[in-house]
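Q: So that we are looking at the same thing, I have put the structure below in structure tokens.
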Amino acid sequence: MKMGLMLLKLIIVCLLWVNLGLSHRPLGGEQPLSNINILSTSLALHPHASINASPVLLGLKGEDTEWVDVKLWSPNPSSDDWIGVFSPAKFKYDLLLIWPYSLYRLACGSSSSCYSEADVKDQQPYICSAPIKVLIIMEAVHAQVNLHVCKHHQFWLHQDWKATLRFQLINQRADFSFALFSGGLSNPTLVAVSHSISFANPKAPLYPRLALGKSRDEITVTWTSGYSIDEAVPLVEWGFPDSIPKQAPAGTLTFTRNTLCGAPARTVGWRDPGFIHTSFLKDLWPNRPYMYRLGHLLSNGSYVWSKKYTFKAPPYPGQDSLQRVIVFGDMGKAERDGSNEYSNYQPGSLNTTDQLIKDINDIDIVFHIGDITYANGYLSQWDQFTSQVEPIASAVPYMIASGNHERDWPNSGSFYDGVDSGGECGVLAQTMFYVPIENRDKFWYKADYGMFRFCIADTEHDWREGTEQYKFIEHCLSTVDRQKQPWLIFAAHRVLGYSSDKWYGLEGSFEEPMGREGLQKLWQRYKVDMAFYGHVHNYERSCPIYQNQCVTSEKSYYSGTVNGTIHVVAGGGGSHLSEFGQLNTKWSLHKDFDHGFVKLTAFNHSSLLFEYKKSRDGNVYDSFTISRDYRDVLACIPDGCEPTTSAS
């Protein structure tokens, strides 16, 4: 009887899990750093074990990314040994080197020196913060990932070994140290700690992110540094490449541990975010190229400068010119040195990033529609993501939407009461990236780019009819001048339209619960061309559809009246892939179980090309074209007719 009740409870929980739309996650957790039981670390510092890193000083020529050789030496290797990269370097330890052995003195003090949500510990923690990177040594050896040298013994588990591994570090405003652990991730035992290494200027201005401003002739530049406003004045030097540059001031934001909503963001995942600066470059000339660099004016009158970057100003709204847009979701981040196990969880992230970098001269703006980093409360990962996308975000506007992994946290105002943000509750996304809105917690906004109008919704807040967001969506769709901006795009993270995802299929609705019920009449009334979604990690394109019915049998060429909206799932930016259901939905025209992104090319007011490209090779695997005139947008369609009168 008890077993039956337990089974019934389990089934109910599973059904609720599905109904909340939270089932697109793999079992076992999504953030690799969460697998480390860091607060249970024990000490077994070995006098004959050592770990050393070189070079000691990085970025001597202004680099913000460097490769580091880490040499290991241990008499008792095991299959569950791993290396953690810590920043700041001390992580509650003082290190005293006495040749030929290394002696360590614990400086953690009492257990109260570790921040705790409940202020209860099973034991005194020796390490209070998670590493920023972790590498399981045997996995690296077997995969030959970042294995630079392995000498004296061919196999890791032979006694008395030496090896050299390579790590890629980015400038993150603090020094670094490397620690050798045994006992696996669940029962870590500290064996050896390296000396510290650092960048020449840890506070340097880094990782610019462009975004559209609130006016048509404005671009914003957001970056991260270690300089508070008491130390230096942030600014951007910018102008035409062949003219004398001018300077624009920047505002500065930061946040504290107490700004966040829960663990691990407030506990083991916390890391000082530094300072996030945003400057507004105004009165831009449409389509003109500009040069810029980030700067800080120090109190002694000297400047600290970043390297130089370039961007092209947005076109005037309605301007008839070539305009190219990238759309995808759920990319996350990955490590080029094979650390953090992201090669298993987000295998497509680097492919997507590298393909966009390769094509950057043929891209005008990017929309990353939610699930940005999958940091899930481990704040160091946001720096690493902004470094990864810097070649893209520094050159074209990088616009984001809010996803469950940015926002969701219980009792924090999110529509879904899950824990996917790891306690971030939107703070990181709202601070690290700029979007043109007044209240950043209400992460919905419009973005005009030339002949495009984008209406970006926030599925982590209520979108249903009668809500504040629903009113915004209708206002955004209804106020566009389709003569000037014929291409009307709706985008959101969760699938509010159509998807053949396995879990949505089990629900029988093929959408996020309560998704399109109130919205489809807006899409139809205002003749939305396309609606984009992430959350489901694959690619799928529907026919032009209204109320579950395809409005045309055409699949690759659409012309004339806008009778329905094409719904596109573009959630294959990099995260683990989502399975399709077994049911073959009649409205689904193309599915792809792979990583990729969408490119929209508007040639003029009458012609648009849609392309789906795989991240692994950049080739086109699905496409269609739209050809129509302004009168086709004005034409009367079912549930989309303007009122008329017979009066003359």
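Q: Rounded, prolate or oblate: pick one for the stretch 318-634, where a ≥ b ≥ c are the square roots of the eigenvalues of its C-alpha gyration tensor, a/c under 1.5 means rounded, and failing that, prolate if a/b is larger than b/c, else oblate.
A: Verdict is rounded for the stretch 318-634.
Q: Among all the lysines, which ones have a C-alpha under 22 Å from Lys71's C-alpha, if same-chain residues fewer than 8 places away are not counted?
A: Partners within reach: Lys90, Lys133, Lys151, Lys162.
Q: Could you grab the Rg to Rh ratio for the chain? Cα atoms only, Kirkwood for Rh.
A: We get a ratio of 1.00 for the chain.
Q: While we're looking at this one, here's another question. Under a straight-distance cross-link criterion of Cα-Cα below 17 Å, which aspartates and glutamates are reachable from Lys442, leaving out those fewer than 8 residues away in the same chain?
A: Correct list for Lys442: Asp371, Glu406, Asp408, Asp417, Glu424, Asp458, Glu460, Asp462, Glu465, Glu468, Glu474.
Q: Using helices alone, what [θ] at 222 nm do you get for the chain, with -39,500 (n - 2.57) per DSSP H run of 4 or more residues, divided over all residues and rounded to the nearest 500?
A: -3500 deg cm²/dmol
Q: Within the set of other residues whose C-beta is less than 12 Å from the C-beta of Ala635, count the net charge using Lys and Arg as +1 and Asp and Glu as -1.
A: +1
Q: Taking the Cβ of Glu517 as the center, what net charge do the other residues with Cβ under 10 Å away carry, scoring Lys and Arg +1 and Asp and Glu -1?
A: Once positives and negatives cancel, what remains is +1.
Q: Below 17 Å, Cα to Cα, which lysines can Lys591 reach? Residues fewer than 8 away in the same chain don't count.
A: Once the sequence-local lysines are set aside, what remains near Lys591 is Lys502, Lys555, Lys599, Lys613, Lys614.
Q: Spin-label point model (7 Å from Cα, Cβ direction): what's the Lys521 to Tyr303 distance in nm?
A: My value for the distance between the label points is 5.7 nm.
Q: Arranged by the count of other C-beta atoms within 10 angstrom, fewest first, what order do Lys71, Lys527 take?
A: With the sparsest Cβ surroundings first, the list reads Lys71, Lys527.
Q: Which FRET efficiency, nearest 0.05, do Ser215 and Leu60 yield, Cβ-Cβ r, R0 45 Å?
A: My answer for the efficiency is 0.65.
Q: Can I ask one more? R0 = 30 Å: FRET efficiency of Asn548 with Tyr621, Cβ-based, nearest 0.05?
A: 0.70
Q: Net charge within 14 Å of Ala53 by Cβ-Cβ distance, Lys/Arg positive one each and Asp/Glu negative one each, not counting Ala53 itself?
A: Around Ala53, the surrounding residues sum to -1.
Q: Quick one: if you stick a label point 7 Å off each Cα along the C-beta vector at Tyr630 and Asp362, how many nm between them?
A: About 3.1 nm, to one decimal.
Q: Another question about this same structure. Ranking Tyr470, Tyr207, Tyr115 by Cβ neighbours within 10 Å, fewest first, what do you get?
A: With the sparsest Cβ surroundings first, the list reads Tyr115, Tyr470, Tyr207.
Q: How high is the relative contact order of the stretch 318-634, in percent, counting Cα pairs under 8 Å that sit 6 or more residues apart?
A: 20 percent
Q: Let me ask something else. With each pseudo-label sitting 7 Å past Cα toward Cβ, what's the Lys162-Phe255 distance in nm, one decimal?
A: Simple spin-label model gives 4.7 nm for this pair.
Q: So, R0 is 51 Å and r is the distance between the beta-carbons of Ile244 and Glu438; what FRET efficiency does that work out to, to 0.05?
A: 0.90
Read the figures in this text as sums done on the coordinates, not as results from a lab. Because the structure is a prediction, the values reported are computed rather than measured. All Cβ positions, glycine included, derive from the backbone under ideal geometry; neighbour counts span all protein chains shown.
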